[in-house]
Amino acid sequence: MDEVTHTVEAERRAAADRLEAERRAVHELGIARQVQARLFPQSRPILGSLDYAGACIPAQAVGGDYYDFLSLGPDRLGLVIGDVMGKGMATALLMANLQANLRSQVAFALDEPKRLLQSVNLLFCENSPESSFASLFYGDYRDRTGALRYVKLRPRERASPAS
């Protein structure tokens with residue numbers, strides 16, 4: 001094989017490898033998008049006094065936006081809206097971490113939303129890079145009275161209750 005043929009063959013192999021890597025990346029991103037879509041609520045608890053809905057359309061294939069509807073018992077609904085700073089796969093992973101933290105802690109602080117978010121904040125900070133940042137709104141809606149008790153929190157800060 002002469003030098004020109006060898007060079008052409010090496011360039012062809014490199015181009016084929018780049019195309020295969022790009023195909024794999026597109027495939028993996030598609031899977032990540034499907035997985036992230038399953039993290040959003042697949043059903044809504046039925047309430048008599050409130051019509052509600054949610055949707056998330058990321059700017060890229062995946063991202064850090066988050067919303068959730070949590071059944072907190074008869075006639076109670078947890079409403080969550082969050083945003084992890086950034087875009088892309090790393091941000092989507094942090095969003096999944098934030099969702100898991102919230103869902104794992106909600107039963108322990110069912111009647112104490114401030115304590116719930118302080119716990120979620122601590123877990124998020126322990127399991128994410130120092131430069132990570134998320135904003136989160138959590139509301140506890142009571143169907144019978146129409147009352148909404150809420151807390152908003154920016155991780156690495158203190159939770160502040162509001163009514």
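The values are calculated or read from the model by the stated rules, or taken from the named source; none is laboratory data. What you are looking at is a predicted structure, and each value in this text was computed from that prediction instead of being measured. Cβ coordinates were reconstructed from backbone atoms using ideal geometry, including for glycine residues, and neighbour counts include every protein chain displayed.
Some points to look at:
Residue-wise test of (1) more than 17 Å from Arg38 (Cβ to Cβ); (2) surrounded by 21 or more Cβ atoms within 10 Å (Cβ to Cβ); (3) aromatic (Phe, Trp, Tyr); (4) out of contact with any Phe, Trp or Tyr (no Cβ under 6 Å at 6 or more places or on another chain).
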| residue | (1), (2), (3), (4) |
| --- | --- |
| Val84 | yes, yes, no, yes |
| Ala90 | yes, no, no, yes |
| Leu93 | no, no, no, yes |
| Asn97 | no, no, no, yes |
| Val106 | yes, yes, no, yes |
| Ala109 | yes, no, no, yes |
| Asn121 | yes, yes, no, yes |
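- Extreme residue, surrounded by the most Cβ atoms within 10 Å (Cβ to Cβ), among residues of region 58-68 that are assigned to a strand (DSSP E or B) and small (Gly, Ala, Ser): Gly64
- Of all residues making up region 25-47, the number that are farther than 20 Å from Gly82 by Cα and small (Gly, Ala, Ser): 2
- Qualifying position, being among the hydroxyl-bearing types (Ser, Thr, Tyr) and closer than 21 Å to Leu39 by Cα, among Ser131, Ser135: Ser135
- Test for Ala55: is it among the small types (Gly, Ala, Ser), part of a helix (DSSP H, G or I) and under 28 Å from Ser128 (Cβ atoms): no
- No other residue among Ala61, Ala14, Ala55 is out of contact with any strand residue (DSSP E or B) (no Cβ under 7 Å at 6 or more places or on another chain), of a type outside the set (Asp, Glu), closer than 30 Å to Arg144 by Cα and without any contact (Cβ under 8 Å) to a residue 40 or more places away in the chain apart from Ala55.
- For region 115-127, the criterion of being of a type in the set (Phe, Trp, Tyr), within 14 Å of the chain's Cα centre (by Cα) and assigned to a strand (DSSP E or B) is met by none of the residues.
- Filtering region 69-82 to residues that are surrounded by fewer than 21 Cβ atoms within 10 Å (Cβ to Cβ) and either more than 13 Å from Tyr141 (Cα to Cα) or of a type in the set (Lys, Arg) (or both) leaves Arg76, Ile81.
- Region 48-79: number of residues that are touching a Leu at 6+ places or on another chain (Cβ under 9 Å), under 13 Å from Met95 (Cα atoms) and not β-branched (Val, Ile, Thr): 4
- Residue in region 38-52 that is part of a helix (DSSP H, G or I) and either surrounded by 10 or more Cβ atoms within 10 Å (Cβ to Cβ) or in contact with a His (Cβ under 9 Å, 6 or more places away or on another chain) (or both) present: yes
- Search result, residues across region 119-144 that are under 17 Å from Gln99 (Cα atoms), among the charged types (D, E, K, R) and in contact (Cβ under 8 Å) with a residue 12 or more places away in the chain: Asp140
- Which numbered condition Asn101 fails, given (1) part of a helix (DSSP H, G or I); (2) surrounded by fewer than 17 Cβ atoms within 10 Å (Cβ to Cβ); (3) modelled with pLDDT of 90 or more: (2)
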